[in-house]
Every structure is written in C-alpha cells, then in structure tokens.
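Written below as structure tokens is the structure these notes are about.
The values are calculated or read from the model by the stated rules, or taken from the named source; none is laboratory data. None of these values were measured; they are calculated from a predicted model. Ideal geometry is used to build each Cβ from the backbone, glycine not excepted, and the neighbour counts take in all protein chains shown. What goes into the accessible areas is simple: the full protein's heavy atoms, side chains included, and nothing from ligands, DNA or RNA. Shrake-Rupley method; radii C 1.70, N 1.55, O 1.52, S 1.80 Å.
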Amino acid sequence: ICTGHAEISERKFHCWKLGGHGKVALKKSIIESCDVFFYELALRLGIEKISQMAQTFGIGVKHNIPMSAETSGLAPTKEWKLEKRGKEWVIGDTVNAAIGQGNVLSSPLQLAVMTARLATGTNLEPKLIKSVEGQTLVTKKPSKIKIKDQYLQIIKNAMFDVSNNRKGTAYSSRIVADQYRMAGKT
C-alpha cells in the first residue's frame with residue numbers, strides 16, 4: 001500500500017504523489033508511476049537481479065555505434081560500488097536504483113534500445129544505417145529475450161494505459177487519433 005512514502009532504514013523515500021496511490025499492483029504501479037511500489041519490489045529482488053535485467057534490456061551496455069556521444073552507462077551492482085567507490089552497497093542504493101536514480105546511468109540510445117527490446121521481445125541491436133550505396137546491410141535476426149511473452153504483454157498493456165488511460169501519468173500528452181495511439185512511460 002502506497003501512503004506517499006516508504007520508510008526504509010529509518011529514512012523516508014517519497015513517492016511523487018504526496019498522498020500516495022493506495023493499494024497498488026504491477027499494472028497500476030506502471031500506469032500511475034508509483035515510486036513506493038518499485039522501492040518495495042526492488043528490496044525483494046535485490047540490486048544484482050535489477051542490474052542483470054537492466055543489462056538484458058540494454059542499460060549499462062555500450063552498443064558499439066560509431067558516435068562520439070555513445071556511452072556505456074551504468075547498471076550498478078554491489079561489486080561495482082565497492083570497486084569504483086570503495087564503499088559498501090547500502091539498502092538506499094537499491095531503493096534509488098529502483099526508479100532509475102542514484103548510480104544508474106543511461107544514454108538516450110540505451111533508452112531507445114530498452115524500449116525497442118520491450119516492444120519486440122527481442123535482443124535488437126541498434127545500427128546507424130540501413131544500406132551502403134544501395135546495398136542493404138546484412139544483419140542477423142535478433143534472438144528472443146528470455147522472458148515469457150505473457151509477462152512482456154502485461155508491461156506493454158500497462159505502458160499503453162500510461163498514455164491512454166485517464167489515470168495514466170502521460171494521459172495529457174496522448175495522441176487522440178486512434179490510428180496513432182502509442183504506449184509510453186513518464
């Protein structure tokens with residue numbers, strides 16, 4: 001139950017909605033962007049699983065596009081923090097990472113890859129060009145992401161409702177024309 005904050009290790013981690021979202025399950029947490037739901041889920045999963053899934057979707061991964069702005073980003077782990085910062089991982093690090101804050105770093109390209117992989121259920125790799133001098137570049141067919149289609153569909157349906165359900169956090173930015181409706185996430 002989201003009361004507007006979660007108290008973790010004697011510290012309050014706030015939801016964007018001060019009064020809270022009340023009783024929340026996965027779909028509602030995505031549609032209404034309930035931070036508390038994701039804080040609590042992250043504590044159950046742990047940072048290692050979160051980091052692994054982020055990398056599966058392309059966060060914290062350099063995609064080898066020949067662009068100066070291409071970066072590797074970061075899907076942090078306990079080992080990373082100890083090695084790079086010389087500090088132990090604390091529970092607040094996991095809570096912050098749950099909503100993409102704290103030590104998490106991603107580039108616009110990584111967010112595009114994440115969205116494309118979620119939408120297609122495959123390990124798509126970005127490329128800059130489709131052809132050279134009229135010759136189509138040969139690319140291998142991307143493999144399927146090892147997540148059951150039914151779970152991906154739940155996320156996709158919720159993201160559609162983010163933009164198209166009156167309670168969705170992106171409802172005011174929706175495209176009204178049926179032929180152009182899209183999913184999204186704030």
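Can you report the number of residues in the range 80-95 which are farther than 18 Å from residue 39 by Cβ, outside any helix (DSSP H, G or I) and open to solvent by less than 100 Å² (accessible area, probe 1.4 Å)?
Number satisfying all stated conditions: 1.
Tally up the residues in the range 103-113 that are open to solvent by less than 50 Å² (accessible area, probe 1.4 Å) and in a helix (DSSP H, G or I), please.
3
Consider the range 49-76. How many of its residues are of a type outside the set (D, E, K, R), farther than 27 Å from residue 128 by Cβ and open to solvent by 30 Å² or more (accessible area, probe 1.4 Å)?
Total meeting the criteria: 2.
Go through the range 119-167 and count every residue that is on the phi > 0 side of the Ramachandran plot and open to solvent by 60 Å² or more (accessible area, probe 1.4 Å).
2
Of the numbered conditions (1) open to solvent by less than 50 Å² (accessible area, probe 1.4 Å); (2) more than 25 Å from residue 119 (Cβ to Cβ); (3) assigned to a loop (DSSP other than H, G, I, E, B), residue 100 satisfies every one except a single condition; which is it?
Of everything listed in (1) open to solvent by less than 50 Å² (accessible area, probe 1.4 Å); (2) more than 25 Å from residue 119 (Cβ to Cβ); (3) assigned to a loop (DSSP other than H, G, I, E, B), residue 100 misses just condition (2).
Residues of the range 45-93 being closer than 19 Å to residue 123 by Cα and of a type in the set (Val, Ile, Thr), which ones?
50, 56, 59, 61, 65, 71
Residues 170, 116: which one is without any contact (Cβ under 8 Å) to a residue 40 or more places away in the chain and either surrounded by fewer than 12 Cβ atoms within 10 Å (Cβ to Cβ) or more than 15 Å from the chain's Cα centre (by Cα) (or both)?
170
Return the only residue of 119, 112, 97 being among the small types (Gly, Ala, Ser), modelled with pLDDT of 95 or more and under 25 Å from residue 52 (Cα atoms).
Only one candidate qualifies: 97.
I need a count of the residues in the range 150-186 that are in contact with a Phe, Trp or Tyr (Cβ under 7 Å, 6 or more places away or on another chain) and small (Gly, Ala, Ser).
2
Here is a list: 68, 72. Which entry is modelled with pLDDT under 95 and more than 19 Å from residue 115 (Cα to Cα)?
Going through 68, 72 in turn, the sole match is 68.
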